[in-house]
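Notes follow the structure.
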Amino acid sequence: MSEFYDRMASLYHLIFQDWDDSIERQAGQLTSIIEERWGTGCRSILDVSCGIGTQAIGLAKRGVAVSASDASEGAIARAKAEAQRRGVEIDFSVCDMREAYAHHRRQFDVVISCDNSITHLLNDSDLLLALQQIYDCTRPGGGCLLTVRDYDREERGTGLIKPYCVREEDGKRYVIFQVWDFVGQIYDMAMYFVADDRSSETLVTHVMRTKYNAVGTDHLLTLMRKAGFTKTERLDGRFYQPVLVGNREA
Ligand SMILES: C[S@@+](CC[C@H](N)C(=O)[O-])C[C@H]1O[C@@H](n2cnc3c(N)ncnc32)[C@H](O)[C@@H]1O
């Protein structure tokens, strides 16, 4: 999985219409949920799957102290460069979320993992381990916020094509799509970036492969409760995908 995101780090922003707009918009959406749920006094956030920094950078720009880690060294290298370019300070490090507390060794007001990252964990014991580590990183009275794909609405099968978008950058057109192949609840995902420089008849295609666990949100909420979180809830219509929240009791 890390190799997938290492290789994708330089292209990842292309999946957004305008990455900077998404950074701002997502920070606004997450802040409104955080304030509603845990009050306006949240000052520290840990992002355990920050990738190239889409949520971490936007939240730090709003004045919150952000620590951000990810299993992909390539993603963290790009996130550091992007934060620096924007004059934003974030404490970045490489860490598997299954070792979040062992690595960060402190607690935060809110711990987040966005963009369907946690579903890279392919079985319940890894999901629970990650959620327990997230719980240990959460201060009493704080909480956790996950965003995930709504797999209950996704068709199962093989050779399923998921068109993403067409983007123009530096004179090149990128056509981006995924192909999914399910075996049980796990699917192999290949992400294709077809780069067309429009000056020749030869295209360059980057393909990256990884696996996902098409776990439903009810099951994730159950695992969150097993990890210790209370008042777990799924929120719809607040982010581009369902948001799962839970509290660590004060
Ligand atoms: C879809 S990307 C989202 C990245 C980030 N939220 C962003 O928008 O820039 C999923 C991220 O989860 C990370 N990831 C997957 N499994 C992980 C794990 N076990 N521990 C930490 N990070 C993980 C990947 O490296 C990748 O950066």
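Just a few scattered comments:
- Within the straight-line cut-off of under 27 Å between alpha carbons, the lysines reachable from Lys172 are Lys80, Lys162, sequence neighbours fewer than 8 places apart in one chain being disregarded.
- Residues whose placed amide H lies under 5 Å from that of Gly142, excluding near-sequence neighbours: Arg248
- Between Leu235 and Thr222, the contour length at 0.36 nm per residue exceeds the alpha carbon distance by 3.2 nm.
- Mean residue ellipticity (222 nm) of the chain, computed from DSSP H runs ≥ 4 via -39,500 (n - 2.57), nearest 500: -9500 deg cm²/dmol
- Local net charge near Lys172, Cβ-Cβ under 13 Å (Lys/Arg +1, Asp/Glu -1): -2
- Global form of the range 18-152, assessed from the alpha-carbon gyration tensor, a/c cut-off 1.5: rounded
- Pairs of Cα atoms nearer than 8 Å and 6+ residues apart set the relative contact order; for the chain it is 17 percent.
- Between Thr158 and Val175, the simple spin-label model (points 7 angstrom out along Cα→Cβ) gives 2.5 nm.
- For the peptides 11-22, 152-163, 137-148, residues were scored by their other Cβ atoms within 10 Å and the scores averaged per peptide; the highest-first order is 137-148, 11-22, 152-163.
- Order of Glu73, Glu89 - criterion: other Cβ atoms within 10 Å of each residue's Cβ, fewest first: Glu89, Glu73
- If a spin label sat at a point 7 angstrom from the Cα of Glu249 along the line to its beta carbon, the backbone N atoms of the range 110-149 nearer than 13 Å would be those of 140-141.
- Computed P(r) (all Cα pairs; the range 155-213; 5 Å bins; percent): 4, 19, 24, 19, 13, 10, 7, 3, 0
- Taking all Cα-Cα distances within the chain, those exceeding 28 Å account for 31%.
- Each label was represented as a point 7 Å from its Cα along the Cα-to-Cβ direction; for His103 and Val183 these points are 2.7 nm apart.
- Chain lengthening between Ser44 and Lys80 when straightened (0.36 nm per residue, less Cα-Cα): 11.1 nm
- Here Lys231 is the anchor, and the aspartates and glutamates within straight C-alpha reach of less than 19 Å, apart from those fewer than 8 places off in the same chain, are Glu35, Glu36, Asp109, Asp136, Asp218, Glu249.
- Scanning residues 5 or more positions from Lys211 or on other chains, those with amide H under 5 Å from its amide H are Met189, with H placed 1.01 Å from N in the peptide plane.
We did not get these values from a lab; they are worked out from the coordinates using the rules stated. Values in this document were obtained by computation on a predicted structure and should not be read as measured data. Reconstructed Cβ throughout: ideal geometry from the backbone, glycine too, with neighbour counts over all protein chains shown.
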